[in-house]
Amino acid sequence: MSKDNITDIAVIGGGAAGLAAAIEAKTAMPKAKVVILEKLDRVGKKLLATGNGKCNLSNINLSSEHYHGSVRNAMRIISSTTSAKDFFGSMGVVCIADKQGRIYPRSGSAATVLSALRLRMEELGVETRCGFEVNFIESTPKFFRISGSAGEKYPCRRIIVAAGGYAAPQFGTDGSVIRLLRSKGCHTTKICPAVAPLRVRPELLKGLKGVRAKGRVTAYSGGRFLKEEAGEIQFTESALSGICVFNMAHLISNYDGKLTLRLDLAADMETEQLAGYLRVIQYQRSKHTVEELLTGIFQRSLALWLVKNGLKRNMTDEISTLRDNELIQLARFIKAVDFDVISSASWKEAQVTSGGISGDCVDERLQLRSEKGIFLCGEILDVDGDCGGYNLQWAWSSGIAAGRNCADSLRGAVL
Ligand SMILES: Cc1cc2nc3c(=O)[nH]c(=O)nc-3n(C[C@H](O)[C@H](O)[C@H](O)COP(=O)(O)OP(=O)(O)OC[C@H]3O[C@@H](n4cnc5c(N)ncnc54)[C@H](O)[C@@H]3O)c2cc1C
């Protein structure tokens, strides 16, 4: 085969990590032919849906507590690569942080981020081939041959795999390339949906569908404290949702069937303070039924649910008939409502994959140990972050690192 027919670097997957990897590789080696092979009809489709269309592309606080997984140098990669703010700043995108430290494009639009990436690829001459679903990678002594599902063959010298995980298959990610890498000797860690709602028994949530409440979520397993986070808790027909719940979902990989979420629905008050408030209400609303006991402090459906489940009373009982120990018992209940988690939500509802190709399968340059010349980046690897820009940051950083290392590995080769 003539050398002109062989692409220097083929990037599998045109998501956040693949776009960053292609840009970095081409910047590091301008003469190299860099091509993105993307299964969908356009690159960056998932990117447009991130952050509710606003693209929360990074976070000011990039500490290790927000990341989980087995890639040992993940934090070093994040701290040693160009920050997302500078990466996008160099493409003319102005970024700003909100009060929680979440970084967004100033435009408030994910399209700003995608079009900046596309413009940079155009300037550099990165090529894209959409509608190419990779289903096989063959290694020959001199090059790789990538096959597509329509039978097309694509010879290349190096490969960067950036095909994502299983989460949100509606955006092209169904784990097919993870399975392909397994057949090449890679192993995976336990895989489950992360940054996702958590399912509980639906009968426990009766009457709560659509309710949103501020509070604190604490995760326990067998009484052992695991993690806590404050924020808005959302109730659906069969699941608990909201960012503070999303951030507990990765725990399923270690505590499947043994995870309990405790909700503190009055995190801004001590139990004694809450009981004091209930005593005042008892005085003010003494002639009303217990249905009205909590309607001054919670949304009506939540107020009714708490009274029904926290007091063993008929809803028609008068508030004046409540004993003080019942008020204290209700205050304690409001501050510690327990739900056993049945499972996480479906892949379609999840934003991220917990688990993936194990960190043992790649070296510190993100190159496969079993097959030199193949580099991995993004969600396909066993790294997942909390909700708040951490996952896109990993995609940019690992993409930049894989792109640069891949280009470096070609140095000396005749291009
Ligand atoms: C609704 C939603 C909102 C999110 N919001 C945020 C947010 O605001 N902030 C944040 O940090 N994270 C967010 N995330 C998570 C973040 O989008 C992902 O972690 C990140 O996109 C992963 O990047 P990636 O490039 O590794 O994979 P992906 O972005 O998933 O890209 C992988 C690409 O590979 C392609 N592909 C897959 N298989 C093949 C194949 N066989 N052949 C060719 N191509 C293939 C896919 O079509 C896809 O384009 C969100 C996720 C979702 C679903």
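Look through A17, A49 and report the one residue that is part of a helix (DSSP H, G or I), within 30 Å of E138 (Cα to Cα) and modelled with pLDDT of 95 or more. Give the steps one after another, and end with the answer.
On the way: A49 fails: within 30 Å of E138 (Cα to Cα).
One residue alone meets the criteria, A17.
What about G296, is it open to solvent by 50 Å² or more (accessible area, probe 1.4 Å), of a type outside the set (K, R) and closer than 22 Å to E232 by Cβ?
On the way: open to solvent by 50 Å² or more (accessible area, probe 1.4 Å): yes; of a type outside the set (K, R): yes; closer than 22 Å to E232 by Cβ: yes.
Yes: the conditions hold for G296.
So, S397, is that one in contact (Cβ under 8 Å) with a residue 40 or more places away in the chain and surrounded by fewer than 18 Cβ atoms within 10 Å (Cβ to Cβ) or not? Spell out how you get there, then give the answer.
On the way: in contact (Cβ under 8 Å) with a residue 40 or more places away in the chain: yes; surrounded by fewer than 18 Cβ atoms within 10 Å (Cβ to Cβ): no.
Against the criterion (in contact (Cβ under 8 Å) with a residue 40 or more places away in the chain and surrounded by fewer than 18 Cβ atoms within 10 Å (Cβ to Cβ)), S397 does not qualify.
Select from the stretch 313-357 the residues that are of a type in the set (S, T, Y) and under 26 Å from the mean Cα position of the chain (by Cα) and write down the one among them that is nearest to the ligand (Cβ to nearest atom). It would help to see each step written out before you state the result.
Taking the stretch 313-357 and keeping what is of a type in the set (S, T, Y), we get 316, 320-321, 343-344, 346, 353-354.
So of that shortlist, the ones also under 26 Å from the mean Cα position of the chain (by Cα) come out as 343-344, 346, 353-354.
Values: S343: 19, S344: 14, S346: 12, T353: 8, S354: 11 Å.
So the residue we want is T353.
Suppose we keep only residues that are farther than 16 Å from I78 by Cβ and out of contact with any Phe, Trp or Tyr (no Cβ under 7 Å at 6 or more places or on another chain) within the stretch 374-394. Which one would you say is nearest to the ligand (Cβ to nearest atom)?
Step one: of the stretch 374-394, the residues farther than 16 Å from I78 by Cβ are 374-375, 380, 387.
Restricting the remaining residues to those that are out of contact with any Phe, Trp or Tyr (no Cβ under 7 Å at 6 or more places or on another chain) gives 374-375, 380.
Numbers: I374: 14, F375: 13, I380: 6 Å.
Checking each candidate, the answer is I380.
Show the residue pairs that are 6+ apart or on different chains and have beta-carbon atoms under 8 Å apart, the first residue being within the stretch 161-173 and at positive phi, the second being open to solvent by 20 Å² or more (accessible area, probe 1.4 Å) and more than 8 Å from the ligand (Cβ to nearest atom).
What qualifies is A168/W347; A168/K348.
Can you tell me how many residues within the stretch 358-377 are within 24 Å of the chain's Cα centre (by Cα) and of a type in the set (G, A, S)?
Number satisfying all stated conditions: 2.
Restricting the search to the stretch 1-24, which residues are farther than 18 Å from L114 by Cα and either within 10 Å of the ligand (Cβ to nearest atom) or not polar (S, T, N, Q) (or both)? First the steps, then the outcome.
Going through the stretch 1-24, the residues farther than 18 Å from L114 by Cα turn out to be 1-10.
M1, K3, D4, I6, D8, I9, A10 - these are the residues of the stretch 1-24 that are farther than 18 Å from L114 by Cα and either within 10 Å of the ligand (Cβ to nearest atom) or not polar (S, T, N, Q) (or both).
Tally up the residues in the stretch 150-196 that are open to solvent by 40 Å² or more (accessible area, probe 1.4 Å) and within 9 Å of the ligand (Cβ to nearest atom), please.
3
Examine the stretch 222-243 for a residue that is in contact (Cβ under 8 Å) with a residue 60 or more places away in the chain, closer than 22 Å to A350 by Cβ and assigned to a loop (DSSP other than H, G, I, E, B), and state whether such a residue exists.
So far as the stretch 222-243 goes, no, none of its residues is in contact (Cβ under 8 Å) with a residue 60 or more places away in the chain, closer than 22 Å to A350 by Cβ and assigned to a loop (DSSP other than H, G, I, E, B).
Taking into account only those residues within the stretch 107-138 that are hydroxyl-bearing (S, T, Y) and open to solvent by 50 Å² or more (accessible area, probe 1.4 Å), which is farthest from the chain's Cα centre (by Cα)?
Going residue by residue through the stretch 107-138, those that are hydroxyl-bearing (S, T, Y) are 107, 109, 112, 115, 128.
Restricting the remaining residues to those that are open to solvent by 50 Å² or more (accessible area, probe 1.4 Å) gives 107, 115, 128.
Details: S107: 22, S115: 22, T128: 26 Å.
Here the residue is T128.
Return the total of residues in the stretch 54-67 being open to solvent by less than 40 Å² (accessible area, probe 1.4 Å) and either within 12 Å of the chain's Cα centre (by Cα) or within 9 Å of the ligand (Cβ to nearest atom) (or both). So that I can check it myself, show each step before the final result.
The initial filter retains those residues of the stretch 54-67 that are open to solvent by less than 40 Å² (accessible area, probe 1.4 Å), namely 55-59, 63, 66-67.
Those left that are additionally either within 12 Å of the chain's Cα centre (by Cα) or within 9 Å of the ligand (Cβ to nearest atom) (or both): 55-59, 66-67.
Residues flagged as open to solvent by less than 40 Å² (accessible area, probe 1.4 Å) and either within 12 Å of the chain's Cα centre (by Cα) or within 9 Å of the ligand (Cβ to nearest atom) (or both) within the stretch 54-67 amount to 7.
Return the residues of the stretch 30-44 that are more than 6 Å from the ligand (Cβ to nearest atom) and open to solvent by 20 Å² or more (accessible area, probe 1.4 Å); say none if nothing qualifies.
Listed by number, the residues that qualify are P30, K31, K33, D41, R42.
Take A22 and decide whether it is aliphatic (A, V, I, L, M) and either open to solvent by 30 Å² or more (accessible area, probe 1.4 Å) or under 16 Å from the mean Cα position of the chain (by Cα) (or both). Even if it seems obvious, please write down each step before you answer.
Numbers: aliphatic (A, V, I, L, M): yes; either open to solvent by 30 Å² or more (accessible area, probe 1.4 Å) or under 16 Å from the mean Cα position of the chain (by Cα) (or both): no.
Here the answer is no, as A22 does not meet what is asked.
Only one of these is β-branched (V, I, T) and either within 13 Å of the ligand (Cβ to nearest atom) or more than 30 Å from L62 (Cα to Cα) (or both): T112, T128, T82. Name it. So that I can check it myself, show each step before the final result.
Numbers: T112 fails: either within 13 Å of the ligand (Cβ to nearest atom) or more than 30 Å from L62 (Cα to Cα) (or both); T82 fails: either within 13 Å of the ligand (Cβ to nearest atom) or more than 30 Å from L62 (Cα to Cα) (or both).
Answer to the selection: T128.
May I ask you to list the residues in the stretch 1-53 that are out of contact with any helix residue (DSSP H, G or I) (no Cβ under 6 Å at 6 or more places or on another chain) and basic (K, R)?
Across the stretch 1-53, the qualifying residues are K3, K31, K33, K39, R42.
Which of the helices (runs of 4 or more DSSP H) contained wholly in the stretch 266-362 include at least 3 residues that are of a type in the set (S, T, Y)?
On the way: elements: 271-284, 300-310, 324-334.
Passing ranges, in order: 271-284.
The values are calculated or read from the model by the stated rules, or taken from the named source; none is laboratory data. Keep in mind that this is a model prediction, so the values were computed, not measured. Cβ atoms come from the backbone with ideal geometry, glycine included; neighbour counts cover every protein chain shown. Please note that ligands, DNA and RNA were not included when accessible areas were found on the heavy atoms of the full protein model with its side chains. Shrake-Rupley method; radii C 1.70, N 1.55, O 1.52, S 1.80 Å.
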